[in-house]
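The values are calculated or read from the model by the stated rules, or taken from the named source; none is laboratory data. What you see is a predicted model; the values in this text were computed from it and never measured. Cβ: placed from backbone, ideal geometry, glycine included. Neighbour counts: every protein chain shown.
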Amino acid sequence: MKYLAILFLFPFSIWACSDSSDVNELVAYASILEPTPFPKQVEAIGIFIPSEIDKAHASLMNINYVNGDKLMLQTTISVSKASDWDLQTNPALDGYSISYFYLNLSQVNNIQITVYYHYPKTKDGSIAMCGPVRNHKLSDLMAVKPSKTN
C-alpha cells in the first residue's frame, strides 16, 4: 500500500519542480555591464531573469564552472528585483531580477546557471518545498538580445 502512495505522489513532485519554460515567461538574458578596453579581461556580467514564474519568486542562483563534464566550481549568489533606480534607467527591466558576477570572457562557454524559485507561504503559513527551476548556459544568455537593453 505504501508503494501505491509513493507512485501516486510521484507525478505531483515532478509538476511542482518543473524546469520547463512557459511561453508567457520573460526571456532571461545576460550582458556585459561596462566593457573593459582590453580583450579577454575580467568583466562585470549582469544576469537578468524573470522575478516571478507561476507565482514563485526568484530566490537563488547557482553559478557552475564546468570543464567538459566535470564540475570544477560551484557558488550560490543572491538575486534581487530590479531597483527603482534600475527601472528609472531602463523601464524594460520591470519584472526582472538581477545578479552580478565577474568573469574572464574566455570562460563564458564553461559557465552554467541554475535559478531557483520559491513559492510564498500559503494563507495557513505552510510552505511549498519545491518551486520552478531554470537552467541556462551563460553563452546562450549572452546571445539573447532583449528589445531594450540596459
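For residue 131, the criteria (1) surrounded by 17 or more Cβ atoms within 10 Å (Cβ to Cβ); (2) of a type outside the set (Val, Ile, Thr); (3) not in a loop (DSSP other than H, G, I, E, B) hold in every case but one, which is (3).
Taking segment 28-103 as the region of interest, the strands (runs of 3 or more DSSP E) fully inside it that hold 3 or more residues being of a type in the set (S, T, N, Q) are 56-67, 70-78.
Selection of segment 52-71 for residues being at positive phi and of a type in the set (Ser, Thr, Tyr) yields an empty set.
Checked against (1) in contact with a helix residue (DSSP H, G or I) (Cβ under 8 Å, 6 or more places away or on another chain); (2) assigned to a helix (DSSP H, G or I); (3) buried (at least 16 other Cβ atoms within 10 Å of the Cβ), residue 146 passes all but condition (2).
For the list (1) out of contact with any Phe, Trp or Tyr (no Cβ under 9 Å at 6 or more places or on another chain); (2) surrounded by 15 or more Cβ atoms within 10 Å (Cβ to Cβ); (3) under 21 Å from residue 139 (Cβ atoms), I need the number of the one condition that residue 90 fails. Exception for residue 90: condition (3). Quick one: in segment 108-128, which of the residues that are out of contact with any Phe, Trp or Tyr (no Cβ under 9 Å at 6 or more places or on another chain) and in a loop (DSSP other than H, G, I, E, B) is surrounded by the most Cβ atoms within 10 Å (Cβ to Cβ)? So the residue we want is 119. Mind checking whether some residue in segment 72-92 is at positive phi and either modelled with pLDDT of 90 or more or charged (D, E, K, R) (or both)? Within segment 72-92 (the criterion being at positive phi and either modelled with pLDDT of 90 or more or charged (D, E, K, R) (or both)), the answer is no, since none of the residues qualifies.
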